[in-house]
Structure formats: C-alpha cells, structure tokens
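Asker: Dropping the structure in here first, questions after.
Taken together, the values in this text are just the output of simple stated rules run on the coordinates, not laboratory data. Fair warning: this is a prediction, and the values are worked out from it, not measured in the lab. All Cβ positions, even for glycine, are placed from backbone atoms using ideal geometry, and neighbour counts span all protein chains on display.
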Amino acid sequence: MTNSIIIAAQRSVDQQGDLEDCLCLIEQAQSLKLRISHLEIDPLSVDWNSRIKANHFRTGCGPIEALSVANRMISQQEVDVIVIHGRDFLRSEHSQSDRHTRMAIYGDDYSLPEAYTLLAKHFCQQQGLSLEEFCILRDQVFDNLKQTAEKKSLKLPDKRWFEPLTELFRGVDCANPVIDFEGIVILCHPDMLRQLKPMISPIEVKAVGIGLSDEDGPEQATNLANYHSLEKALHYAQVQSGLDMAETIRDPNIRLDAYTCYPIVPLALLLKSGAANTPEEVTALLQSKPLTQTGGMNLARAPWNNPALNGLIAMCESLQQDPIGSLGLVHGNGGLGYKQGIAILSS
C-alpha cells in the first residue's frame, strides 16, 4: 500500500491564523487539472442523528476516519489530491443555549459529563481502579495538559472551573467547546510531489487504524468501557506501521496528541495500548511526556467534531520542528467511545 503524503496543514482559531497556503495549493492543483476530492467534517449545526452525507464525517473520530478514507483513495489512485476540511464557529455562530441543546446527543437523561462519568465508573470497575485512584490520575492528566498550555501561553481557567460538575469530573476535566475553528489538511500521492509545490515539509501517513463498536450511548457504557474499539484501532495502526504501539506511546521522542474530552479517554489510550499497566506506570508516563500538542480540549478548546483535525494540524506543525525521522500519534474518539481512530505520521 502506498501511503499518502500531507503537503499542507493550516488552521484558524478564534480568527488567529489563516488558510491562505492551503487555498493557494488547491488552486495550483486545479490549474494542473488534477483529480481533487473534498472530505468534510460536519459542524455542530448538523443534527447529530441526521443521515451522514457522502464524503462527510461526524464525531470526534471523524477527522481520523476521513484520513483513513483519504489514504485508501490515494493508495488506490482514485484521486490525486484530497482536501480534508472542517469549520465550526461555535463561539460566534451559536448561543450558549443553542450549543447546550445541540450537544445533548444522549437526550435529557444524560448530559455528556454524566454519560462519561457512568463510563468512567464501569472502566474503573473493569480495570480494578478505585474511584479515589481514578481521581488522582484525573488530576495528573490535567497537570500534564496544563504544562503544555502554559508553554503555549494559553489562558488557564479560574477557580470556579475546579468545582465538581459530577462525582468524578470538574469543569477543567471537561471539553470546552467555546471556540471558532477552521482547518484544512491536504494530501496527495507521492508521485504528485513532482508537480505540486508542498507548503510544508512532506509528512507521510504511515498508518490509520479505525475501530468501531456496534452501538453508542450511556446504555452501552458497560460494553464501551472495555474499549475494544480502541484496541482494534491500535492493532490496525500497529499492523500498518510495523510499530509496537505500547513502545511508541511510551517513547519520549515520539509525539502524542491524545483525545482529551474527558480524562478517561487518554487514560484508556495509555492502559489499553499497554504503554502503562498500573496506576504507577500511568503516573510515570504522564510525567515523562506531553499527552497533546495543543494543551488539550479543555484548555485549548474543543471544536465539536474537529478536535482530531486540530490535532492532526498541530502534529504536522510539531513535526516540522524536527523534520528528520520524527513520529507522531494522533488519537480520535467518537461519541462515548464507540468509534476510535489512531493515525501515525512521520516526517
């Protein structure tokens, strides 16, 4: 299988940054009459339960699913260039009440924090963790994200966000969606590098693993807490890349962008990958390397279905800093975890 190459990746966050290089590259491909396909990440304004259109993707795993489709289409030479695009202006185009209404994807019985609390309880039971141990690890996840956020000069939440929202989660532990985001990732077949002028040092998509469960929702929390779909995604990424996922995640020189909507998700990544097998090993890993390139979805904000697209772009930016043989892993999580994606990128 010929792996696709990322040749441009840009984002705008709260009107900071632009997509000019990506737009110029699209025009360049059009002028060369190359075959171009567009894959779109659905915004919050699209009903969560509506039918998904062709070449559209939904959930927090959507950008990794789009990357998987792009990699396949390019490998099979169905297209020359693929544009993955996401836009969600959650701050300026939605009121607070509208956001809350549209994000109530599990109805009136369970808010997202309540649903993830239920999932976390089942996860703790299956992992042999006490709730007290989980909360210690939860705090360590936040400290890890906070260190990255401080390095990036992000504004940190005030004291009220440290108050409990549920039995297990505080405000700082929950994804904060108040952000205007737009991002583009452009991929092509390696042969196209003779014709197109990349806007970044080309980055190879070494692997994209996708794992799916049959159903989502709080009523499936016991099954979803097994994180079998994450195990599948990790397995497929390992087979495609030839890399041991446990060693990859542990390696201090390999960059991570874990999905961090709630602390249980990155903790599941560390434990289900085998990168850590005990609370002590989780603690050691969290102290050894950043979980994300952004500061996480609570501190760097979470553009609904687009956090993994933001993560892919941030990873491309990070890999440009050390362009010789560097690796990055980007994680996507859909719904309550029924969709999981793992992308391995190489500079």
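Asker: When the chain is modelled as a GNM with alpha-carbon springs shorter than 10 Å, which of Asn55, Asn305, Asn226 fluctuates the most?
Answerer: In the Gaussian network model the winner is Asn55.
Asker: Using θ = phi - 60° and the Karplus relation 6.51 cos²θ - 1.76 cosθ + 1.60, list the HN-Hα couplings for segment 221-234 in order, rounded to whole Hz, with x at every Gly or Pro.
Answerer: 4, 4, 5, 5, 5, 6, 6, 5, 5, 5, 4, 5, 4, 5
Asker: Using only DSSP helix segments of four residues or longer, with each worth -39500 (n - 2.57), what per-residue ellipticity at 222 nm results for the chain after dividing by its residue count and rounding to 500?
Answerer: The per-residue figure over the chain is -11000 deg cm²/dmol.
Asker: First measure r as the distance between the Cβ atoms of Leu23 and His235, then evaluate 1/(1 + (r/R0)^6) with R0 = 45 Å and state the FRET efficiency to the nearest 0.05.
Answerer: Once the sixth-power term is evaluated, E becomes 0.75.
Asker: Percent of alpha carbon pairs in segment 193-243 separated by more than 12 Å?
Answerer: 71
Asker: Pull up all non-local amide H partners of Leu168: gap of 5 or more, or a different chain, and H-to-H distance under 5 Å with H placed in the peptide plane.
Answerer: Placed amide hydrogens put nothing under 5 Å from Leu168.
Asker: Roughly what % of DSSP beta bridges within the chain run antiparallel, to the nearest 5?
Answerer: Beta bridges within the chain, antiparallel portion: roughly 75 percent.
Asker: Let me ask something else about it. Just need the Rg to Rh number for segment 63-110, please, alpha carbons only, Kirkwood Rh.
Answerer: Reported Rg/Rh, Kirkwood definition of Rh: 1.24.
Asker: Going by C-beta contacts inside 10 Å, put Glu182, Glu317 in order with the fewest on the left.
Answerer: Ordered from fewest to most neighbouring Cβ atoms within 10 Å, Glu182, Glu317 come out as Glu317, Glu182.
Asker: Okay, next question. Would you mind getting the Kirkwood hydrodynamic radius of the chain from its Cα pairs, rounded to one decimal in Å?
Answerer: Kirkwood radius, the chain: 20.1 Å.
Asker: Mean-square fluctuation check for the chain, GNM, Cα pairs under 10 Å: which of Ala284, Ala54, Ala233 is largest?
Answerer: Maximum fluctuation in the GNM of the chain, among the listed residues, is at Ala54.
Asker: Within 10 Å of each residue's Cβ, count the other Cβ atoms and sort Tyr259, Tyr236, Tyr338 from fewest upward.
Answerer: Arranged by neighbour count, lowest to highest, Tyr259, Tyr236, Tyr338 become Tyr236, Tyr338, Tyr259.
Asker: So, one more: Nearest 0.05, what FRET efficiency do Asp158 and Gln15 give at R0 = 35 Å with Cβ-Cβ as r?
Answerer: That gives a FRET efficiency of 0.90.
Asker: Please list, ordered by chain and number, the residues whose modelled amide H lies under 5 Å from the amide H of Ala207; skip anything fewer than 5 residues away on the same chain.
Answerer: Placed amide hydrogens put Ile344 under 5 Å from Ala207.
Asker: For the chain, take the longest principal axis of its alpha carbons; what is the angle in degrees between that and the long axis of helix 131-151, to the nearest 10 within 0 to 90?
Answerer: 40
Asker: Output ³J(HN,Hα) for segment 236-248: one whole-Hz value per residue in order, computed from phi by the Karplus curve 6.51 cos²θ - 1.76 cosθ + 1.60 with θ = phi - 60°, and x for Gly and Pro.
Answerer: Running phi through 6.51 cos²θ - 1.76 cosθ + 1.60 with θ = phi - 60° gives 5, 5, 5, 5, 5, 8, x, 9, 6, 5, 4, 5, 4 Hz.
Asker: Something else now. What longest region of the chain stays clear of trypsin sites (Lys or Arg not before Pro) that DSSP places outside H, G, I, E and B and that have at most 16 other Cβ atoms within 10 Å?
Answerer: Result, exposed sites excluded: 156-347.
Asker: Arranged by the count of other C-beta atoms within 10 angstrom, fewest first, what order do Cys22, Cys316, Cys61 take? Spell out each step's value before the answer.
Answerer: Numbers: Cys22 21, Cys316 24, Cys61 30.
Arranged by neighbour count, lowest to highest, Cys22, Cys316, Cys61 become Cys22, Cys316, Cys61.
Asker: Let me ask you something else. With the Cα gyration tensor of segment 117-219 in hand, convert its eigenvalues to equivalent ellipsoid semi-axes via √(5λ) and list them largest first in whole Å.
Answerer: Semi-axes from the Cα gyration tensor: 37, 22, 14 Å.
Asker: Turning to a different aspect of this structure: Could you list which residues have their amide H under 5 Å from that of Asp251, counting only those 5 or more apart in sequence or on another chain, with H placed in the peptide plane?
Answerer: Amide H to amide H, under 5 Å and 5 or more residues apart or across chains, Asp251 pairs with nothing.
Asker: Using the Karplus curve 6.51 cos²θ - 1.76 cosθ + 1.60 with θ = phi - 60°, what ³J(HN,Hα) values do you get for each residue of segment 108-116, in whole Hz, with x for Gly and Pro?
Answerer: Values per residue, Gly and Pro as x: 7, 6, 9, 6, 4, x, 5, 5, 6 Hz.
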